[in-house]
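Written below as C-alpha cells is the structure these notes are about.
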Amino acid sequence: MIAQTAPMGWNSWNTFGENISDQLIRETADAMVEQGYRDAGYEYLVIDDCWSLRERDAEGKLVADPAKFPHGMKAVADYVHSKGLKFGMYSCAGIRTCAGYPSSYDHEFVDAQTFADWGVDFLKYDFCNFPDSADCKTRYATMSMALKATGREILFSACNWGREDPWSWMRSIGVQMYRSTGDIQDNFISFTSILRSQIPNFCMSGNFCFNDIDMLTVGMYGRGNVAFGNACTDSDYRTQFALWALFSAPLMLGGDIRNMNDFCKQLVLNRNLIRINQDIESRNPYQVFDGKAQYGAPDWWNNADHTALTFIKHMSDGEFAIGYFNLGEKAGEVSFTFADAGLPYGSGYGFELTDAFTGEKLGVKRDYFNPVVPPHDCAVYLARIARV
Ligand code: GLA
C-alpha cells in the first residue's frame, strides 16, 4: 500500500535540469537525512530527465550515462536506500523524453523491469514526443501494468500535464499521482495560476491517487532550471507551500536542499503545515467568500480584483485548517464569516485557532477572524469547534 497520503520527496528537475550526477544524488540523500527532511516525511529522492545515454544498449535496455553515474544506477539506489529513503527515476510515454533521451514507448515492460532491477521505488512518467497515432490512456495503463508485472512496489507518478482530464481516469489505472498542469516556474504568477486551474478538480484528488500540481520551487530564488519572470520572494514561498499543503498536493521539493536558507528550510519542515497536507482523510478544502461557499468551481477568474481567498479544510479528529490568502499587491484584511463556512453565529460555537506557522494560540473566535495579510502572503490556522 503506497500513497495513502500525498507523496513527499525531492526531484532534481527544477534546480538541476540536466546537471545531475552520482555525487549530487548522494549529497542530496545525505542532506535529506542530516537536515531533517526525511524525518519530516520527505521520503522519495527522484532523478528526473537526462540520466541516460542517448541510445539503448544492444539488448534494447536503457543505460545510465557513465559520465554522470560512473557506478551505475543500482549503486545510486543502494546508497539512497541505505539512508532510509526511497529512490525515484524518470521516463516518458513517448518516443523520446522531453530532453531527447530514449523513452519507454513500446519498451514499457523491458524498462519497468530495468527500473525494478535497479531498486527503483517511484517512476515519474512524462508525455513528450508521444505519437499522434497512439492512445494516451492505453499507454499510461500499459506502463502501469508493466510496473505491476515486475512484482516490485513502484509508485507511478504519471505526468501528462492534464491531457484528457486525468482526474477522471488515472485513479482507475493504478496511478498514485498525476500531473494536471504544465511546468511550474519560480514566479508568483506561475504557481498561483497552476493552483487555481485545479480548484475545480481537487475534489477528485485523494488518498492513493493525488492531483500533482508540480514540484515546489521553494528556496530557488530565481536560480536553476525553471527560473523565468520575477523570482519568488519569501512571501510567495509561504503562499506556495501553504496552498500545496491545504490542497493535499504531493510535496516534492525542487530547491537545492543541500543549501536551503533557514527561512525556506523551516517553512518546508513546518510540522503543522505538513500535518495539514498529510492529514489521513486528504480532503480538498472549500472556498468561502462574499456570503457563500464554493465547493469546486472557483470564483476568482470571474472577478479579476478578487485577490483575497479563503479556504477551510476538514481534517481528521474534528480538526480544521483555515487559510487566508492575499494574492493582491497591497496589505489588507482577508475576511469571511464562519456562518458562510457552515458555523453560524447563533449556533453558540466558534473556532479555537492556532497559528499554523508560529504555533501561537489565539483563543476562541466567534463569527469571524479577519487577519491583516501582507501582499502575496497568507495566514493559516489550525482550528477546532469550541463553545463560546
Ligand atoms: C517535462 C515535465 C517536467 C520535467 C521535464 C524534463 O517538461 O513536465 O516536469 O520532467 O519534462 O525534461
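Determine whether PHE369 is more than 27 Å from the chain's Cα centre (by Cα) and either among the aromatic types (Phe, Trp, Tyr) or surrounded by 15 or more Cβ atoms within 10 Å (Cβ to Cβ) (or both).
So PHE369 fits the description; yes.
Residue under question is ALA3, and the condition is that it be free of Cβ contacts under 8 Å to residues at least 12 places away in the same chain and assigned to a loop (DSSP other than H, G, I, E, B); does it hold?
no
Can you name the condition, by its number, that THR192 falls short on among (1) under 28 Å from ILE2 (Cβ atoms); (2) away from the ligand (no atom under 16 Å from the Cβ); (3) within 15 Å of the chain's Cα centre (by Cα)?
Status for THR192: all satisfied but (1).
Is the stretch 341-364 home to any residue that is buried (at least 18 other Cβ atoms within 10 Å of the Cβ) and among the charged types (D, E, K, R)?
yes
Restricting to the stretch 1-31, give me the number of residues that are away from the ligand (no atom under 15 Å from the Cβ), under 17 Å from the mean Cα position of the chain (by Cα) and on the phi < 0 side of the Ramachandran plot.
5
List every residue pair whose Cβ atoms lie under 6 Å apart, where the two residues are 6 or more positions apart in sequence or sit on different chains, the first residue falls within the stretch 350-362 and is among the basic types (Lys, Arg) and modelled with pLDDT of 95 or more, and the second residue, located anywhere, is outside any loop (DSSP other than H, G, I, E, B) and surrounded by fewer than 22 Cβ atoms within 10 Å (Cβ to Cβ).
So the pair list comes out as LYS361/THR354.
Only residues that are under 8 Å from PHE247 (Cβ atoms) and in a helix (DSSP H, G or I): list them for the stretch 192-209, please.
Listed by number, the residues that qualify are LEU195, GLN198, PHE202.
Every residue, every condition in (1) hydroxyl-bearing (Ser, Thr, Tyr); (2) within 16 Å of the ligand (Cβ to nearest atom), yes or no:
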| residue | (1), (2) |
| --- | --- |
| TYR42 | yes, no |
| LEU45 | no, yes |
| HIS81 | no, no |
| ALA99 | no, yes |
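Looking at the stretch 217-231, is at least one residue at positive phi and within 16 Å of the ligand (Cβ to nearest atom)?
yes
Does PHE247 satisfy the criteria of being touching a Phe, Trp or Tyr at 6+ places or on another chain (Cβ under 8 Å), of a type in the set (Phe, Trp, Tyr) and crowded, with 23+ Cβ neighbours inside 10 Å?
Here the answer is yes, as PHE247 does meet what is asked.
Within the stretch 140-164, restricting attention to residues that are more than 16 Å from the ligand (Cβ to nearest atom) and in a helix (DSSP H, G or I), which residue is farthest from MET1 (Cα to Cα)?
The qualifying residue farthest from MET1 (Cα to Cα) is THR142.
So ALA93 clears everything in (1) touching an Asp or Glu at 6+ places or on another chain (Cβ under 6 Å); (2) within 16 Å of the ligand (Cβ to nearest atom) except one condition, right? Which one?
(1)
State all residues of the stretch 105-138 that are within 16 Å of the ligand (Cβ to nearest atom) and farther than 19 Å from GLU153 by Cα; if no residue qualifies, say none.
Across the stretch 105-138, the qualifying residues are TYR105, ASP126, PHE127, CYS128, ASN129, PHE130, CYS136.
Is it the case that TYR90 is more than 17 Å from TRP13 (Cβ to Cβ) and among the hydroxyl-bearing types (Ser, Thr, Tyr)?
No: the conditions fail for TYR90.
Would you check which residues across the stretch 196-213 are within 16 Å of the ligand (Cβ to nearest atom) and modelled with pLDDT under 95 and list them?
SER197, GLN198
Could you grab the pairs with beta carbons closer than 6 Å, sequence gap of 6+ or different chains, first residue in the stretch 227-238 and within 9 Å of ASP377 (Cβ to Cβ) and among the aromatic types (Phe, Trp, Tyr), second one at pLDDT 95 or above and not in a loop (DSSP other than H, G, I, E, B)?
Correct list of pairs: empty, since none qualify.
Restricting to the stretch 109-165, name every residue that is crowded, with 21+ Cβ neighbours inside 10 Å, among the charged types (D, E, K, R) and farther than 21 Å from GLY60 by Cα.
Of everything in the stretch 109-165, just one residue is crowded, with 21+ Cβ neighbours inside 10 Å, among the charged types (D, E, K, R) and farther than 21 Å from GLY60 by Cα, namely ASP121.
Any chance the stretch 168-188 includes a residue that's hydroxyl-bearing (Ser, Thr, Tyr), surrounded by fewer than 17 Cβ atoms within 10 Å (Cβ to Cβ), under 18 Å from the mean Cα position of the chain (by Cα) and within 16 Å of the ligand (Cβ to nearest atom)?
Looking through the stretch 168-188, none of the residues is hydroxyl-bearing (Ser, Thr, Tyr), surrounded by fewer than 17 Cβ atoms within 10 Å (Cβ to Cβ), under 18 Å from the mean Cα position of the chain (by Cα) and within 16 Å of the ligand (Cβ to nearest atom).
Using the structure shown, decide if ASP305 is over 22 Å from SER197 (Cα atoms) and either crowded, with 17+ Cβ neighbours inside 10 Å or at pLDDT below 85 (or both).
no
Cβ-Cβ distance below 7 Å, separation of 6 or more or different chains: which pairs start in the stretch 45-59 with a residue that is touching a residue at least 60 places away in the same chain (Cβ under 8 Å) and end on one that is among the charged types (D, E, K, R) and within 16 Å of the ligand (Cβ to nearest atom)?
VAL46/LYS124; ASP48/LYS124
If GLU55 meets every condition in (1) within 16 Å of the ligand (Cβ to nearest atom); (2) surrounded by fewer than 20 Cβ atoms within 10 Å (Cβ to Cβ); (3) among the acidic types (Asp, Glu) apart from one, which number is that one?
(1)
The values are calculated or read from the model by the stated rules, or taken from the named source; none is laboratory data. For clarity, every value in this text was computed on a predicted model and none was experimentally measured. As a convention, Cβ positions derive from the backbone with ideal geometry for all residues, glycine included, and neighbour counts pool all protein chains shown.
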